[in-house]
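Structure, as structure tokens:
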Amino acid sequence: MIKRYSPKDIESKWRKEWDETKVYQANLHSEKPKYVGFGMFNYPSGAGIHIGHGKNFTIPDVVLRAKRQQGYEVYSPVGFDSFGLPAENYAIKTGTPPRLTTDKAIGNYRKQYRAMGWSQDWSKEIDTSKPEYYKWTQWIFTKLFEHGLAYQKESPQWWCDKCKTVLANEQVIAGKCWRHDGPEDSQVSKKSLRQWFFKVTDYLDEILAATDGLDWTESVKTMQKNWIGRSEGAAVTFKLQGLGADNEHLDIFTTAHDTIYGATFLVVAPEHPIVQAYSQFADNDRDIQEYVEKSLRKSELDREIEKSKSGVPIEGLSAVNPINGKLIPVWIADYVLMSYGTGAIMAVPGQDERDFDFATKYNLPIVYTTHKQQFVSYAQDIKSEPKAYKLAESEEFNGLDFEIGRQKILDKLVKQGAAEAVIQYKMRDWLISRQRYWGAPIPIIHCVDHGAVAVPEAELPVLLPEVANFAPTGEAHSILAGEKDWVNVPCPTCKKPSKRETDTMDGYACSSWYFLRYTSPHDDKQAWDKELVNKWMPVDFYNGGDHATAHLLYARFFMRFFHKLGLVNTPEPFKKMYYHAKIMAPDGTAFSKSKGNGVDPLDLIEQGYGADAIRTYIMFMAPPDLESPWSDEGVPGTHRFLKRVWTLAQRFIETQDEDLSNEKPNKQLLAVTHRTIKKVTEDIEAIKFNTAIAAMMESLNELYKIQNEFGFSDKQAWRFSIESLVQLLAPFAPHIAEELWHDLGHQDTVHIDHWPKWSEEHLKRDMIKIVVQVNGKVRAQLELPADTSETDVINAAKTDEKVAVYLDGKDIKKSIYVPNKLVSFVV
């Protein structure tokens, strides 16, 4: 009687065995070639894992398991990004300290991760909210502070009323907080606060220069370059006149300073300081205030994409065009954003579409500065072909092409003291201050005499104190400001009474260096062991479906800073970064808690399908980089596939027939198996998991056909075929593979150093020559594999270029096939 396939029994058995034998515990000092990889680590919410986690962590697990089987020392680390708002909000609601809810959630996640069969090394687990971890996040802060890359300044920042804290630009999505972006949620607003920043802009040029050379998903590299948004241009100063502003000036940034002769008005953002400074003296002050209030209720995205541009002049205020001395009006318009450049632009309606529409709407002058003397887009036309356009209405520069004129006009402005060449970035310095409790305290002490002083390394970590009330006040500081015993400390420099910084750090500060801590998770003397980091970094494989900009850019910034300090040997954290798509609901919409349409992988495991079937379906449903709808029939389908593998293997194990060596099935078996080994090996390397699984399914079908026709004759070939299939299946379905491997008589694990190799000799297929006739005349001769089916032979004959010309436009009355010899078409 064939042994029954029971995923529930098999999977629990092998998870226990793997834990006891420490199969997945990496030896970081191993002499074997190393391979380290993982998916972006997870925030441990109370809801537990969902099917998206299943994809995020199964993708690297397949890659890592294959590498482990191929002889690498593989490290699959695990950790939790556990500081954050959800735990704090739950604490506010229930009074339960975030530490307790976080520990409980992590305990639940451990069980769920293990149930999925991910080959993670739990002996080296990290948790960013534990003092032994955030001590080193604070140490990194002090190093940045020491080198002038951590600084504090007052500036208007995005503020979420629900979170009661500031947000980085990267955390504002379509005008809403990234955590509260539902239809009923309100827009974020601006609030002026004194905040801490990391000076990432010092590293943007080198990060940008290195981006194209990365082995990363192309869309991620494009998103990073766009987010950095590097622009070369000029900072130009326009002197102001009127409303008492005669001694003031307005600075603008432009990438089109060669069109300055066509600047017929200036436009400032509604938030620009000169609006409040001078609008009160304008005759249309009330109109200005109404316009500003209306504008600030819109998101930046809405302001950018709104087709109908609106504005209002600051009546009585003018600016002097520095290139020709002409007076031009100053307007306010919400299509200009304070978050980019200086929040002010010179409007050139003859070469900018937005400015043209605005000037046309409000009857403002338009000057065309090309020889065409009509509207020509600077961004789309002149910039791409500067030699094709000649300057006009530009005084002594008339007749020069824009390539030459661009520099000469800049030289004149610089000589006048009205401009300088500058590089501008869309990306700003990293705002890391948060007015919340559940985060790593910023290790700064404020002294009256010495200002901001870093906490000495010997006094780290600055522990997060236990508090009775977690609710933020909505003020410019966190609730830590009320913990007097914690706040009031002596200055490290002069010992005078001083106060701790009460903001905590953005969670990204902890999650942008965690990959380094994986090499030294329990080291209490240093953030990481330099020798181990240099052995294991960069990360060989990293994947995720979110955080393509902020997290990855911040991680690259940290790594380049550490590289300059000599703390790491490589400036890039991730050798390969694979950005995968999301799994969608069956109707093609996103999974949503509010819709209640989520899929819990643990429920499917409990239903008896097992983790192996879930893992295999997630990897089979579509190429990982394409969005794909979930199908309720998918997991039952892959369960049936695994059951067929099981049945064939068990039949072979129980067969007691003599080995009746038969050349034909032997060659068929070896040909099928070696083709499959090659295909699966190459597809796993290329992250084409769906086609790898499809190849195994096809191979299984062929093996069943051979077995049905010839039985298990030639046991040696059959053993090689079945053992190879088990080894190839192991990265996708590790539990069933381990059980079958042992049933086949092995004492060790299939998951270490067991990967089949293909032979080119067996990939060579016996070939036959097929004559092709059309109406009795020979038109071609084909060479095809001997096992090609009749349908495939006829199709090959039809598509042969020598034959196709005689079939084109004809009606094929009959197709005659003489096996292994002839195809004849009657037309």
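The values are calculated or read from the model by the stated rules, or taken from the named source; none is laboratory data. Bear in mind the structure is a predicted one, so any value in this text is a computation, not a measurement. Reconstructed Cβ throughout: ideal geometry from the backbone, glycine too, with neighbour counts over all protein chains shown. These area figures cover heavy atoms from the full protein model, side chains too; ligands, DNA and RNA do not enter into them. Shrake-Rupley method; radii C 1.70, N 1.55, O 1.52, S 1.80 Å.
Some notes on this structure:
- Inter-part distance where the stretch 60-92 and the stretch 805-827 are each reduced to a Cα centre, Å: 59
- Along its principal axes, the stretch 723-827 has C-alpha extents of 64, 25, 21 angstrom, given from the largest down.
- The H on the amide N of Thr473, modeled in the peptide plane, is under 5 Å from the matching H of Ile479, each at least 5 residues off or on a different chain.
- Note, ³J(HN,Hα) from phi for the stretch 428-443, Karplus 6.51, -1.76, 1.60, rounded to Hz, x at Gly and Pro: 9, 4, 6, 6, 10, 6, 9, 8, 10, 7, 7, x, 6, x, 6, x
- Comparing Ala468, Leu602, Asn775 along the charge dipole axis of the chain, the residue lying farthest to the positive side is Asn775, per the Cβ-charge model.
- Altogether, the Stokes-Einstein calculation at 10 °C and 1.306 mPa s, with the Kirkwood radius of the stretch 228-340 over Cα pairs as Rh, returns a diffusion coefficient of 107 µm²/s.
- Loop GluC sites (Glu not before Pro), the stretch 408-472, which have at most 13 other Cβ atoms in a 10 Å radius of their Cβ (DSSP): Glu466
- Theoretical gain in end-to-end length, Leu327 to Asp181 [0.36 nm per residue, Cα-Cα removed]: 48.1 nm
- Placing unit charges on each Cβ (+1 for Lys and Arg, -1 for Asp and Glu) gives the chain a dipole about its Cα centre, and among Leu85, Gly233, Tyr518 the Cα reaching farthest toward its positive end belongs to Tyr518.
- Residue-span extension gain [Lys387 to Asp161] - 0.36 nm each, minus C-alpha spacing: 76.2 nm
- Helix 790-799 axis, angle to the chain major axis (alpha carbon atoms, nearest 10°): 50
- Calculated log₁₀ intensity ratio I(q)/I(0) where the Debye formula runs over C-alpha points of the stretch 569-628, q = 0.12, 0.26, 0.27 Å⁻¹: -0.44, -1.16, -1.18
- q = 0.13, 0.14 Å⁻¹: log10 I(q)/I(0) that the Debye formula gives for the stretch 403-548, counting C-alpha atoms only: -0.83, -0.88
- To put it simply, the accessible area of the stretch 128-175 at a 1.4 Å probe is 50 percent carbon and sulfur.
- For His446, solvent-accessible area (1.4 Å; no DNA, RNA or ligand), Å²: 60
- Intensity falloff of the stretch 666-763 expressed as log10 I(q)/I(0), Debye formula with alpha-carbon point scatterers, at q = 0.10, 0.17, 0.18 Å⁻¹: -0.25, -0.74, -0.83
- Compactness index (Cα Rg / 2.2 N^0.38 Å), the chain: 1.19
- Applying 1/(1 + (r/R0)^6) with r as the Cβ-Cβ distance of Ala277 and Gln374 and R0 = 45 angstrom yields a FRET efficiency of 0.75.
- Taken per residue, the accessible surface of the chain reaches 44 Å², heavy atoms only and a 1.4 Å probe.
- Net charge, Asp357 excluded, C-beta distance under 12 Å - Lys, Arg +1, Asp, Glu -1: 0
- Once the Cα atoms are used to define both axes, helix 7-21 deviates from the longest principal axis of the chain by about 70 degrees.
- Between the stretch 175-197 and the stretch 1-34, the alpha-carbon centres lie 46 Å apart.
- On the basis of the beta-carbon distance and an R0 of 41 Å, Lys8 and Ala590 show a calculated FRET efficiency of 0.85.
- With bins 5 Å wide beginning at 0, the percent of Cα pairs of the stretch 446-490 falling in each bin runs 5, 16, 23, 26, 18, 11, 2.
- Applying a DSSP loop filter and a limit of 15 other Cβ atoms within 10 Å to the trypsin sites (Lys or Arg not before Pro) in the stretch 526-633 leaves Lys582, Lys593, Lys595.
- Protein-only accessible surface at a 1.4 angstrom probe places the residues His547, His580 in the order His547, His580, largest first.
- Normalising the average separation of contacting C-alpha pairs (under 8 angstrom, six or more residues apart) by the number of residues puts the relative contact order of the chain at 14 percent.
- Separation between Cα centres of the stretch 690-713 and the stretch 479-549, rounded to whole Å: 53
- Axis of helix 285-296 versus longest Cα principal axis of the chain: the two differ by about 10°, to the nearest ten degrees.
- Sparse-neighbourhood loop sites, trypsin sites (Lys or Arg not before Pro) in the stretch 15-85 - DSSP loop, at most 15 other Cβ within 10 angstrom: Lys22
- Residue-wise HN-Hα couplings along the stretch 328-341, as the Karplus relation 6.51 cos²θ - 1.76 cosθ + 1.60 with θ = phi - 60° gives them from phi, are 10, x, 10, 10, 10, 8, 7, 7, 8, 10, 5, 7, 10, x Hz; Gly and Pro carry x.
- Label-reachable residues, the stretch 511-536, where backbone N falls under 15 Å from a point 7 Å from Ser123's Cα toward its Cβ: 519-523
- The heavy atoms of Cys160 present about 10 square angstrom of accessible area, all protein chains included, probe 1.4 Å.
- Measuring nothing but protein heavy atoms, the accessible surface of the stretch 348-410 at 1.4 Å probe radius is 47 percent carbon and sulfur.
- For Ala622, net neighbour charge (Lys/Arg +1, Asp/Glu -1) across residues whose Cβ lies under 12 Å away: +1
- Using the Cβ of Leu214 as centre and a radius below 15 Å, the other residues enclosed give a net charge of 0, where K and R count +1 and D and E count -1.
- Cross-link pairs exceeding 31 Å between alpha carbons, from the set Lys764/Lys814; Lys678/Lys813; Lys8/Lys688; Lys576/Lys678; Lys764/Lys798; Lys104/Lys525: Lys764/Lys814; Lys678/Lys813.
- Computed 3J(HN,Hα) for the stretch 98-114, one whole-Hz value per residue from the Karplus formula 6.51 cos²θ - 1.76 cosθ + 1.60 where θ = phi - 60°, is x, 4, 5, 5, 5, 4, 5, 5, 5, x, 5, 4, 4, 4, 5, 4, 5, glycine and proline marked x.
- Among the listed pairs Lys225/Lys575; Lys176/Lys294; Lys34/Lys530; Lys67/Lys705; Lys32/Lys535, those beyond 20 Å (Cα-Cα): Lys67/Lys705
- Compactness of the stretch 108-224 as Cα Rg over 2.2 N^0.38 Å, two decimals: 1.42
- Carbon and sulfur %, accessible surface of the stretch 531-614 computed with the full protein complex present, 1.4 Å: 51
- Considering only Phe652, Leu100, Gly544, and ranking their Cα positions along the charge dipole of the chain that arises from unit charges at the beta-carbon of Lys, Arg, Asp and Glu, the one farthest toward the positive end is Phe652.
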